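The block underneath contains the structure these notes are about, expressed in structure tokens.
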């Protein structure tokens with residue numbers, strides 16, 4: 001019997017509740033959340049990878065202007081074919097079977113010339129040629145050194161335009177990374193205050209529930225004494241039930257917002273987040289003209305507009321060059337030798353020169369090239385117009401953001417004062433209700449204003465920090481520290 005009793009107690013203990021998991025409590029300020037979002041959020045990590053991709057694109061462009069050393073070879077090149085030959089003594093043609101094999105190794109050092117769009121190369125190669133069969137032979141042909149220069153004439157110079165565009169694109173990538181991080185900060189602010197509001201709603205719900213419970217019990221007692229009407233007692237009961245419902249909803253919403261922020265910050269372990277809501281804000285105003293000048297210097301969109309205009313001009317230049325004469329000049333000079341053995345192929349050397357100029361002149365293409373040129377010109381005009389309109393919109397947005405931000409300090413001050421006044425008004429109304437000087441409707445009205453103004457204060461704080469980080473994002477300038485926003489990109493690349 002004792003064993004059965006012990007077993008039942010054990011089962012009851014095990015099944016009496018849910019397992020308790022150890023949770024690490026993290027108390028985070030707004031500054032903590034902003035910093036963690038930069039380092040741990042998927043959005044912040046994505047911004048880093050996007051910058052690294054742009055960095056390697058820029059490195060690829062830089063490599064176009066550096067010498068390249070290349071080793072190429074053919075091992076082997078076997079041919080067994082019939083070739084037509086002409087016998088001058090008989091005046092007849094006949095086919096002869098040829099069975100050959102060749103090996104080739106070549107070392108080449110080449111360099112692009114951005115100014116002209118041409119290229120120069122230094123080459124050295126050795127070829128072995130074998131004639132197979134009964135009368136077979138082996139021959140070595142060497143080119144110890146040859147200099148080759150290739151120059152397009154009257155053609156589009158891609159390297160010239162790349163030299164103007166690619167550095168701007170890399171600078172844009174740097175600014176875009178900083179702007180993207182500020183966007184991450186903005187997202188962090190939004191999620192921080194979502195949870196902050198959920199915390200406040202939970203506090204409000206708990207306080208309202210406790211007050212409603214107290215007032216309902218008091219109303220029951222006064223109703224039993226006959227000092228209040230049944231309708232007033234039922235109103236208090238309804239308020240109590242509504243408060244209980246609101247508390248349950250607030251608890252669910254709080255858990256949801258905690259999970260959302262935890263996921264955003266990249267926490268995978270079981271973490272309990274508690275926010276420390278900021279009571280202080282930086283007190284300063286910003287000048288619209290100063291903000292506009294900083295945005296012109298730092299905002300990646302401004303650089304993007306410059307890139308768009310350059311790319312449009314490049315497309316026009318390319319289409320224009322394709323309308324007329326296209327020519328290519330190739331010049332080479334080198335030394336060459338041949339022998340039956342390798343050393344001999346390098347002993348007696350003859351010089352070799354080669355000059356060729358090829359050209360293409362469009363005679364009739366039914367307006368194809370002219371149409372492409374006109375399309376490029378039209379696209380350029382569209383780009384200019386779009387950039388001009390974007391600059392106007394950008395300037396208007398900046399002035400609006402500055403005006404809104406400069407209002408926020410007063411808005412926070414007013415919201416804080418309203419929160420204090422509403423709380424005091426509720427306490428006064430509650431005490432007057434307890435002594436029977438006001439009715440339930442007036443008490444509920446004071447309670448509603450108390451809650452609304454408490455939430456309004458949190459919303460005012462969110463608005464302030466949202467506009468603050470938005471101004472930072474547009475200008476890439478830290479107005480609180482009074483310095484540009486910077487980052488060690490070498491460290492970012494090395495990570």
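The values are calculated or read from the model by the stated rules, or taken from the named source; none is laboratory data. Predicted, not measured: the structure shown is a model, and the values here were computed from it. Glycine gets a Cβ as well: all are built from the backbone with ideal geometry, and neighbour counts include every protein chain shown.
Yes or no, residue by residue, for (1) crowded, with 19+ Cβ neighbours inside 10 Å; (2) within 30 Å of residue 431 (Cβ to Cβ); (3) under 27 Å from the mean Cα position of the chain (by Cα):
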residue	(1), (2), (3)
120	no, no, no
140	yes, no, no
146	yes, no, no
151	no, no, no
163	no, no, yes
166	no, no, yes
176	yes, no, yes
206	no, yes, no
213	no, yes, no
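Every condition in (1) at pLDDT 85 or above; (2) surrounded by 11 or more Cβ atoms within 10 Å (Cβ to Cβ); (3) closer than 20 Å to residue 155 by Cβ holds for residue 360 except the one numbered (1). Residues that are loosely packed, with under 12 Cβ neighbours inside 10 Å and assigned by TED's automatic domain parsing to the domain that holds residue 185 do not occur anywhere in the stretch 80-87.
Taking the condition out of contact with any helix residue (DSSP H, G or I) (no Cβ under 8 Å at 6 or more places or on another chain) and either under 20 Å from residue 404 (Cβ atoms) or surrounded by fewer than 20 Cβ atoms within 10 Å (Cβ to Cβ) (or both), does residue 427 pass? For residue 427, the condition - out of contact with any helix residue (DSSP H, G or I) (no Cβ under 8 Å at 6 or more places or on another chain) and either under 20 Å from residue 404 (Cβ atoms) or surrounded by fewer than 20 Cβ atoms within 10 Å (Cβ to Cβ) (or both) - is met.
Residue 279 passes every criterion in (1) in a helix (DSSP H, G or I); (2) in the same structural domain as residue 380 (by TED's automatic domain parsing); (3) over 27 Å from the mean Cα position of the chain (by Cα) apart from (1).
Confirm whether residue 227 is loosely packed, with under 15 Cβ neighbours inside 10 Å and assigned to a loop (DSSP other than H, G, I, E, B). Yes, satisfied.
Given the condition in a loop (DSSP other than H, G, I, E, B) and more than 30 Å from residue 176 (Cβ to Cβ), answer yes or no: does some residue in the stretch 447-465 qualify? No - not one qualifying residue is present in the stretch 447-465. Step by step: first the residues of the stretch 254-264, then only those that are in contact (Cβ under 8 Å) with a residue 40 or more places away in the chain and touching a strand residue (DSSP E or B) at 6+ places or on another chain (Cβ under 7 Å), then the one that is nearest to residue 184 (Cα to Cα). Which residue is that? So, considering only residues that are in contact (Cβ under 8 Å) with a residue 40 or more places away in the chain and touching a strand residue (DSSP E or B) at 6+ places or on another chain (Cβ under 7 Å), the one nearest to residue 184 (Cα to Cα) is 261. What do you reckon, is residue 246 in the same structural domain as residue 416 (by TED's automatic domain parsing), assigned to a helix (DSSP H, G or I) and either surrounded by fewer than 15 Cβ atoms within 10 Å (Cβ to Cβ) or over 28 Å from the mean Cα position of the chain (by Cα) (or both)? Judged against the criteria, residue 246 is a match. Of 421, 438, all but one fail to be surrounded by 13 or more Cβ atoms within 10 Å (Cβ to Cβ) and outside any helix (DSSP H, G or I); the exception is 438.
Table: residues versus (1) in contact (Cβ under 8 Å) with a residue 40 or more places away in the chain; (2) touching a strand residue (DSSP E or B) at 6+ places or on another chain (Cβ under 7 Å); (3) on the phi < 0 side of the Ramachandran plot.
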| position | (1), (2), (3) |
| --- | --- |
| 426 | no, no, yes |
| 429 | no, no, yes |
| 432 | no, no, yes |
| 438 | no, no, yes |
| 447 | yes, no, yes |
| 467 | yes, no, yes |
| 481 | no, no, yes |
| 485 | yes, yes, yes |
| 492 | yes, no, yes |
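Checked against (1) within 30 Å of residue 311 (Cβ to Cβ); (2) in a strand (DSSP E or B), residue 371 meets all criteria but (2). Regarding the stretch 393-412, can at least one residue be identified that is touching a residue at least 24 places away in the same chain (Cβ under 8 Å) and either loosely packed, with under 13 Cβ neighbours inside 10 Å or at positive phi (or both)? There is at least one residue in the stretch 393-412 that is touching a residue at least 24 places away in the same chain (Cβ under 8 Å) and either loosely packed, with under 13 Cβ neighbours inside 10 Å or at positive phi (or both). What pairs can you find where one residue is in the stretch 265-290 and under 19 Å from residue 202 (Cα atoms), the other is at pLDDT below 85 and assigned to a loop (DSSP other than H, G, I, E, B), and their Cβ atoms are less than 6 Å apart, with a gap of 6+ or different chains? That search, which allows pairs on different chains as well, returns 272/23.
When the stretch 298-325 is filtered for residues that are in contact with a strand residue (DSSP E or B) (Cβ under 9 Å, 6 or more places away or on another chain) and outside any helix (DSSP H, G or I), only 325 remains.
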